[in-house]
Amino acid sequence: MGISYKLGAEIYYTIDLPNMNLDELCFQGTDYVLIELPTQARPHGLRRTFGTIVSNGYTPIIAHVERYSYMLSDPSVLYELIEMGCLAHINAEALIKKTRATGMVAYFVRKGLVQFLCTDCHSPHRRPPNMDAGFDAMTSLVGEKYTELFTENAGAVFDGRRIDLDHVKKPQKLLGLWL
């Protein structure tokens, strides 16, 4: 059996995205488009831009949300985007390498705020794929059911099918802690 693949692109966020021909940038044969955001500052027009992209018939997948300080400190930002029709992914390294963000990444998974475990592989040595180790880390942090769900979600994107988001829960903050 050979490897199945589809062409696609990771595009950098700009408020002009709704004016672009996103058909050429989606994963081949789907309406899924992978978008990377700025890491430090919440970008201008985030809700309006993503809302327009969704209303234009596309499904944005927000790349490696564990890198965005404004989402790590306030998961309601990510929740609002998921509620409007976006999806999100985390990189396997976010679970493998225990960092200050690992706890919040596990929180994102448990709340249904991320739907995919991915790799940001740029080379087999410097940034290896490590997907097996990533799924192992996910299973030990949050349980096997998420490993199965994320695998099913990846297949749905590949096939251009819709993903069920019934399990998404609104982040709640109490006494300065996200519950």
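Worth a mention:
- The stretch 141-150, subset without any contact (Cβ under 8 Å) to a residue 40 or more places away in the chain and in a helix (DSSP H, G or I), residue least open to solvent (accessible area, probe 1.4 Å): PHE150
- Only listed residue being under 20 Å from MET131 (Cα atoms), in contact with a His (Cβ under 7 Å, 6 or more places away or on another chain) and touching a residue at least 24 places away in the same chain (Cβ under 8 Å), chosen from ILE96, ILE90: ILE90
- ALA63 vs. criteria among the hydrophobic types (A, V, I, L, M, F, W, C), touching a residue at least 24 places away in the same chain (Cβ under 8 Å) and surrounded by fewer than 19 Cβ atoms within 10 Å (Cβ to Cβ): no
- Meets criteria (more than 17 Å from ILE163 (Cα to Cα) and of a type outside the set (S, T, N, Q)) for TYR58: no
- The stretch 110-140, residues that are among the acidic types (Asp, Glu) and either open to solvent by less than 40 Å² (accessible area, probe 1.4 Å) or not in a helix (DSSP H, G or I) (or both): ASP120
- Test: residue in the stretch 106-124 that is modelled with pLDDT under 90 and more than 19 Å from GLU66 (Cβ to Cβ): yes
- Within the stretch 30-42, the residues that satisfy the criterion of being open to solvent by less than 80 Å² (accessible area, probe 1.4 Å) and either more than 21 Å from CYS118 (Cβ to Cβ) or in contact with a Lys or Arg (Cβ under 9 Å, 6 or more places away or on another chain) (or both) are THR30, GLU36, LEU37, THR39, ALA41.
- Among (1) closer than 24 Å to LEU149 by Cα; (2) more than 15 Å from the chain's Cα centre (by Cα); (3) open to solvent by 40 Å² or more (accessible area, probe 1.4 Å), the one test that MET84 misses: (2)
- Residue satisfying all of: in the stretch 91-107; in a helix (DSSP H, G or I) and in contact with an Asp or Glu (Cβ under 8 Å, 6 or more places away or on another chain); farthest from HIS44 (Cα to Cα) among these: GLU93
The values are calculated or read from the model by the stated rules, or taken from the named source; none is laboratory data. What you are looking at is a predicted structure, and each value in this text was computed from that prediction instead of being measured. We place every Cβ from the backbone using ideal geometry, glycine too, and count neighbours over all the protein chains shown. The accessibility values were calculated without ligands, DNA or RNA, using every heavy atom of the protein model including side chains. Shrake-Rupley method; radii C 1.70, N 1.55, O 1.52, S 1.80 Å.
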